[in-house]
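> To start, I am sharing the structure in question, which I have written as structure tokens.
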Amino acid sequence: MNLTFATASRVLSQLRGDHRTVALIMLLPCLLIGLIAWMFDDQPQVLDRFGPMLVGLFPLIVMFLVTSVATLRERQSGTLERLMTTPIRKGDFVAGYGLAFAALALVQAFVVVGFALLVGMDVAGPLWLVVVVALLDAILGCTLGLAASALARSEFQAVQMMPAIIFPQLITCGLLMPRDQMPQVLEWLSRVFPLTYAIEAMTSLAAGDEWADIRGAVGVIVLFIVGAVVLGVLTLRRRTA
């Protein structure tokens, strides 16, 4: 456990010195939501309907990108290989990274939700649940990024993983079209993607649902987070070949 916290502390120290990455994590989702609010300034119902979905979507994408590149950089620089000569285990490394980015995701969730409310988003459901789901979505993006980084050999390939993993989920998650109106094969496919349940939870909260109505979707998101962490541990390599 001490090694996990030491890894998390090291990652957070590195992030504090990386102002561009922190700005990307905190400001980019706000910028995108702000642009949408501006575009539909005369149609506030659009932001009320789609705002909660975007609050869950944008942090997931940003955290996926940042985590996958950061983890790959650890391998390329030889940091991971040096760490593995110490008593630290793969589980400590992945858990430490996950804990560090979860802490960052918590701040991001408050910033993004607060900004969305500031620009006019109105949520019928409990606001604290919106923050919780946004946090889980950001953590999901982190864990998926950790798992995806094992497939990349360069930072460019890590960036390419994002459209390969995220875009199919975007198409089938229900953001563009209600899932029950999709071809049946795509509807079935959407059930195995975590983003589907993130959008489902946020859509329900936008409509005024409570915890009892979204706990199933939240449970699935948590299961995907755990699965991605396990996959990240199993596929973690000391260095990039």
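The values are calculated or read from the model by the stated rules, or taken from the named source; none is laboratory data. Note that this is a predicted model, so its numbers are computed, not measured. So basically every Cβ, Gly included, is an ideal-geometry build from the backbone, and we count neighbours across all protein chains shown. Calculation scope for accessible area: heavy atoms of the full protein, side chains included, ligands and nucleic acids excluded. Shrake-Rupley method; radii C 1.70, N 1.55, O 1.52, S 1.80 Å.
> Please identify the pairs in which a residue from the range 208-230 that is closer than 15 Å to V130 by Cα has its Cβ atom under 6 Å from the Cβ atom of a residue that is assigned to a helix (DSSP H, G or I) and charged (D, E, K, R), counting only partners at least 6 apart or on another chain.
Sorted first by the residue in the range 208-230, then by its partner, the pairs are A217/E200.
One line per residue, one yes/no per condition, for (1) open to solvent by 40 Å² or more (accessible area, probe 1.4 Å); (2) at pLDDT below 90; (3) more than 28 Å from P44 (Cα to Cα):
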| residue | (1), (2), (3) |
| --- | --- |
| I199 | no, no, no |
| A207 | yes, yes, no |
| E210 | yes, no, no |
| I214 | no, no, no |
| V218 | no, no, no |
| V229 | yes, yes, yes |
| T235 | yes, yes, yes |
| R239 | yes, yes, yes |
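> In the range 109-122, is there at least one residue being touching a residue at least 24 places away in the same chain (Cβ under 8 Å), closer than 30 Å to S13 by Cβ, of a type in the set (D, E, K, R) and outside any helix (DSSP H, G or I)?
no
> Being in a helix (DSSP H, G or I), under 30 Å from N2 (Cα atoms) and open to solvent by 10 Å² or more (accessible area, probe 1.4 Å) is the requirement here; does A105 meet it?
no
> If I filter the range 124-145 for residues that are touching a Cys at 6+ places or on another chain (Cβ under 9 Å), outside any helix (DSSP H, G or I), closer than 30 Å to D41 by Cα and not charged (D, E, K, R), do I get at least one hit?
no
> Would you confirm whether any residue within the range 154-173 is among the charged types (D, E, K, R) and exposed (fewer than 15 other Cβ atoms within 10 Å of the Cβ)?
Taking every residue of the range 154-173 in turn, none turns out to be among the charged types (D, E, K, R) and exposed (fewer than 15 other Cβ atoms within 10 Å of the Cβ).
> So, in the range 146-158, how many residues would count as being over 16 Å from P59 (Cβ atoms) and assigned to a helix (DSSP H, G or I)?
Adding up the residues that qualify gives 7.
> Please enumerate the residues belonging to the range 186-227 that are farther than 13 Å from G125 by Cα, outside any helix (DSSP H, G or I) and hydrophobic (A, V, I, L, M, F, W, C).
V192, F193
> Among all residue pairs at least 6 apart or on different chains, which show Cβ distances below 7 Å where the first residue, located in the range 159-185, is part of a helix (DSSP H, G or I) and the second is among the small types (G, A, S)?
Pairs that qualify, where the first residue is part of a helix (DSSP H, G or I) and the partner is among the small types (G, A, S), are M161/S68; M161/A148; M161/A152; I165/A148; T172/S190; R179/S190.
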